[in-house]
Amino acid sequence: MKKRDFGWLTCLPFYGVHVAAVVGVALVGFSWRGVGLAAALYAVRMFGVTGGYHRYFAHRTYRTSRAFQFVLAVLAQSSIQKGVLWWAAHHRDHHKHSDTPSDPHSYRDYGFWYSHVGWILSTETEATDYARISDMARYPELRWLNNYHLVPALTLAVALRVFGGWEALVWGFFVSTSLLWHGVFTINSLSHIWGGRRYATTDDSKNNFVLALVTLGEGWHNNHHYYPRSVRQGFHWWQVDITYYVLRGLALVGLVWDLHVPTQETIDGDVGMQRDSSRRTGSRPSAARGTRDIAVEAPALSSPTLADAE
Ligand SMILES: [Zn+2]
Ligand SMILES: [Zn+2]
């Protein structure tokens, strides 16, 4: 059983941001300008999490330049979810051990609150496993950012206070960050609890339209666990995936390229059908094993030639 030691140095700022949001709004008052700023910074930083931390650093589902890679890392870390190498390494562990005791945030083993946020506050998960993220850890600028992971967020907070006053700091930072955290955290908690399952993966991942809207496309989590290499998580036109649309736009202007998408055959679930039949025979599902292998190999998809930032 995982130890549940929570360091006050991590917990205090986490709860402090929530308190600052509530007390701050009580002090500066409601304003549509504030709400708009909170929403804008929620959306932009959510993209940093989904398009950066997740679909680029953890899964390498597309390629980009070394400069834009750094921009993505800064944007991702402005959401205050620790260093980009820390985030991606833990996420690779999540796919490798989904919903088992070795999963850093297994709802099945550790319950809702731990899968939602407890795992981030736990001293158990503090270290970055550089071996797990060696393909990205070779960039010194990313290692620096990983070590000083609060720099982008603190810079944002100071800029909001200096250029927009207390109203901008309260709404654009404290309110926006509190909502952003819980929006992102649903991917690890609710996306393994609430929704439908299109593919018979070995984990509890779910597809959920509401969560897909909240997380700019990450709510198609069963699709994602089925085929983690895919840059798009909404496999069909009606599966709204705003992160994918933004990445398509960035590809149009040449900032990213080589977006990896599954074949129609894969989407149609041929692998899933095989998995179902093997499960019926009682043998270990070969395709389900494959699902995990794909996840583990996500970095390998990015073999040095494919993945190198240029
Ligand atoms: Zn998951
Ligand atoms: Zn993932």
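Coordinate-derived values only; no laboratory data. Worth saying up front: this structure is predicted, and the values here are computed from it rather than measured. Don't worry about glycine lacking a Cβ; one is built from the backbone with ideal geometry, like all the others, and counts go over all protein chains shown.
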- prompt: If Lys and Arg each add +1 and Asp and Glu each add -1, what is the summed charge of the other residues whose beta carbon sits under 15 Å from the beta carbon of V261?
  reply: +2
statement: Quotient of Cα radius of gyration and Kirkwood radius for region 8-307, i.e. Rg/Rh, equals 0.97
task: Order by neighbour count: F163, F174, fewest other Cβ atoms within 10 Å first, most last.
output: F163, F174
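Within the chain, which whole H helices from DSSP have a Cα span along their axis of at least 27 Å and a mean Kyte-Doolittle hydropathy of 0.0 or more, if any? All intermediate terms of the calculation are to be shown ahead of the outcome.
Details: long enough: 8-28 (28 Å, 1.85).
For the chain, where a helix must reach 27 Å along its axis and average at least 0.0, the hits are 8-28.
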message: Please list, ordered by chain and number, the residues whose modelled amide H lies under 5 Å from the amide H of V256; skip anything fewer than 5 residues away on the same chain.
response: A251
query: Order of E124, E167 from fewest to most other C-beta atoms within 10 Å?
result: E124, E167
- prompt: Once Lys and Arg get +1 and Asp and Glu get -1 on their Cβ, which of A21, G83, Y56 lies farthest toward the positive end of the dipole of region 1-99?
  reply: Y56
- request: Could you tally the net charge around L216, taking each other residue with its Cβ under 14 Å from the Cβ of L216, Lys/Arg +1 and Asp/Glu -1?
  value: +2
